[in-house]
Each structure stands twice: as structure tokens, then as C-alpha cells.
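Structure record follows, encoded as C-alpha cells.
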Number of protein chains: 2
Amino acid sequence: MRRKAGALLSIEIGILQAGIALLRGSDAEFHGYAMAREIRDQEGARSLTAHGTLYRALERLEVRGLLASRWEDPEIAAAEERPRRRMYRVTAEGEAAVQAVAESAQEPAKALKRGLAAS
Amino acid sequence: MRRKAGALLSIEIGILQAGIALLRGSDAEFHGYAMAREIRDQEGARSLTAHGTLYRALERLEVRGLLASRWEDPEIAAAEERPRRRMYRVTAEGEAAVQAVAESAQEPAKALKRGLAAS
DNA sequence: GCGCTATAAGCATATATCTGCCTATTGACG
DNA sequence: CGTCAATAGGCAGATATATGCTTATAGCGC
């Protein structure tokens with residue numbers, strides 16, 4: 001659907017924000033499937049159809065350097081009897097990108113506040 | 001569907017026979033998913049519904065000692081970028097069980113042959 | 001022979017990631 | 001401002017294994 005140069009899609013912002021929220025916590029890493037669950041539960045039944053949409057979004061973010069990933073130690077996955085996970089973390093670049101989006105989104109809000117104060 | 005004491009179901013016989021055929025080959029081991037493909041291709045679109053039927057049959061055969069399994073080294077699965085496999089092989093007991101079934105199945109055939117020869 | 005019950009089979013879904021193919025949307029450009 | 005093209009989204013399925021729940025069936029006892 002033809003992307004505006006350098007812009008972030010809402011799904012991408014969502015991923016980064018959720019990932020940044022994790023940075024405050026203990027592990028700071030997440031994996032695709034858990035993120036899919038998060039989005040499905042919160043954003044009122046967003047389908048992500050078979051998760052294809054999400055995994056592609058994750059890939060895009062990694063290619064752009066906003067996320068970095070590593071494969072979980074396969075021994076751990078085997079011990080827990082589940083498929084192995086690809087662990088993602090938000091990079092400094094990723095944090096900056098979200099910060100930029102948040103700030104530009106606040107501009108109209110500030111304008112509104114000023115407007116209310118004046119009336 | 002209430003099993004006759006000690007009897008083998010046709011799906012179980014099929015698994016064991018296919019497994020025994022492999023014994024002549026190089027690896028002698030198989031995994032559930034490959035077996036499912038085999039059965040699907042050969043037995044004219046047997047569904048095995050999401051493979052649930054097959055995996056339970058494999059489990060039954062293992063519990064009865066006719067199959068033995070081991071988990072594939074998770075590093076290999078990771079290197080090949082796929083979920084890990086559970087590798088099965090037919091035990092001596094398994095071979096004997098199939099042998100017994102095959103022999104009892106030949107009885108009627110022999111009787112028929114005798115009958116034909118006499119006419 | 002008939003009904004009861006044990007159990008296999010079918011259906012669905014969980015776990016986790018990924019790709020192919022088609023459609024819908026949207027930014028960009030004339 | 002309308003059309004074109006790039007790309008995101010949706011659908012489907014592959015790779016592997018496994019479990020919960022319901023339904024069908026077959027053996028066994030009466």
C-alpha cells in the first residue's frame with residue numbers, strides 16, 4: 001500500500017511501543033508469537049491472519065535497524081517442549097523513531113490545549 | 001472403538017510396515033510428519049485430521065513397545081530451520097507383531113489356493 | 001441379538017516461524 | 001485530480017508435534 005518515505009505504520013509503532021515498555025521490565029526481549037497474542041488481545045481482535053502480517057512487520061523493522069533479533073538457544077526450546085523462538089529487542093534507533101513519532105503526534109494536542117486555555 | 005485384545009489397527013500395521021521397509025534402507029528411522037505425508041499420498045487422501053490420529057497411533061505403538069523413539073538433536077533442527085523431529089524406529093517386537101499379522105492374514109489365502117487347486 | 005462402554009477417529013486449536021499468492025490501499029506523479 | 005505502481009494486508013499452507021473435546025464404532029457381556 002505504498003509507504004510514505006521513512007514513516008512508520010501503526011502496527012510497527014505498536015510493536016516498538018510494546019517492546020519499549022518491556023525495556024523497563026526484567027528481560028527486555030520478546031518473540032513474535034507473544035507479540036501477536038498481545039496485539040490480538042488488546043487491539044480488539046486484530047487478525048494478523050495466521051500471523052503473516054506481524055512477522056513481516058517484524059522483518060521490516062529489523063531491516064530498518066529498529067529491532068534486532070537473535071535465535072533462542074535451541075536446547076532451551078527443546079527442554080520446554082516447544083518450537084524455538086526468535087527473540088527481538090528494540091534498538092536505540094527504534095526508541096528514537098518512536099520518540100519522534102510521539103512528539104510529532106503531540107503537536108496538535110498542544111495546540112488544542114493552548115486553544116482551550118485561551119477560551 | 002473398543003480394541004480387540006492385542007490386535008493391531010490397520011493404521012498401526014501400515015506404520016509398522018512402512019517403518020520396516022525403511023529398515024532395509026540407509027537410515028531406518030522416520031518421523032511422524034513424514035509418515036503422515038506417506039499415508040496421505042498412498043492411502044487416497046486419508047485425512048488423519050490435523051495429524052492427531054497419526055500421532056496418537058505412534059504413541060500407542062511406542063507404549064506397546066512396537067516402536068521406539070528419540071528426539072532429534074535440536075541443533076540439527078535449528079540448523080535446518082524447522083521444528084525438531086521425533087525419530088521413530090520399529091523394534092524387534094514391532095517386526096514380530098507385523099510378521100504375526102501377515103501370517104495369519106495368509107491363512108485364508110492358502111485355503112483359497114487349496115480350494116482352487118482341488119477344483 | 002442388543003445395548004453398554006471403551007476407545008479410535010475426527011475436529012479444533014496451541015506452539016512458533018515463515019513464504020507464496022492475490023487483493024486492497026495509498027502515496028506519488030503527471 | 002485521476003491513474004499507476006509499490007507495498008501492506010489477508011488468506012492459505014508448510015514444517016512438526018501435541019492435546020482437549022466430541023462422535024462414531026466395535027467388541028463384549030448379558
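The values are calculated or read from the model by the stated rules, or taken from the named source; none is laboratory data. Note that the coordinates shown come from a computational prediction; the quantities given were computed from them, not determined experimentally. Heads up, the Cβs are rebuilt from the backbone with ideal geometry, glycines too, and the neighbour counts pull from every protein chain shown.
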Checklist entry - What number of residues within region A:43-56 satisfy the criterion of being within 11 Å of DNA strand C (Cβ to nearest atom), at pLDDT below 80 and closer than 22 Å to A:Arg89 by Cα? => result 1
Checklist outcome for this item: Residue pairs within 6 Å by beta carbon, gap of at least six or interchain, first lying in region B:76-90 and farther than 15 Å from A:Pro74 by Cα, second more than 16 Å from DNA strand C (Cβ to nearest atom) and not hydroxyl-bearing (Ser, Thr, Tyr), listed first then second, are B:Met87/B:Glu29; B:Met87/B:Arg70; B:Tyr88/B:Phe30; B:Arg89/B:Ala28; B:Arg89/B:Glu29; B:Arg89/B:Ala68; B:Val90/B:Gly19; B:Val90/B:Ile20
Item to check | Enumeration of residues in region B:6-21 that are touching a strand residue (DSSP E or B) at 6+ places or on another chain (Cβ under 8 Å) and free of Cβ contacts under 8 Å to residues at least 60 places away in the same chain | outcome: B:Ile15, B:Ala18
Checklist entry - So, of the residues in region A:63-83 that are more than 10 Å from DNA strand C (Cβ to nearest atom) and among the acidic types (Asp, Glu), which turns out to be farthest from the chain's Cα centre (by Cα)? => result A:Glu75
Checklist entry - If we keep just the residues of region A:1-42 that are of a type in the set (D, E, K, R) and surrounded by 14 or more Cβ atoms within 10 Å (Cβ to Cβ), which is farthest from A:Glu103 (Cα to Cα)? => result A:Arg40
Next on the checklist: I'd like the residue in region B:1-42 that is under 13 Å from the mean Cα position of the chain (by Cα) and over 26 Å from B:Glu72 (Cβ atoms) and, out of all such residues, is nearest to DNA strand C (Cβ to nearest atom).
Outcome noted: B:Leu9
Checklist entry - Do we find that B:Thr91 is at pLDDT 90 or above and among the polar types (S, T, N, Q) in this structure? => result yes
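Applying the selection to region A:61-75, what residues are over 25 Å from B:Ile76 (Cα atoms) and either surrounded by 17 or more Cβ atoms within 10 Å (Cβ to Cβ) or within 14 Å of chain B (Cβ to nearest Cβ) (or both)?
Narrowing region A:61-75 to residues over 25 Å from B:Ile76 (Cα atoms): A:61-67.
Across region A:61-75, the qualifying residues are A:Leu61, A:Leu66, A:Leu67.
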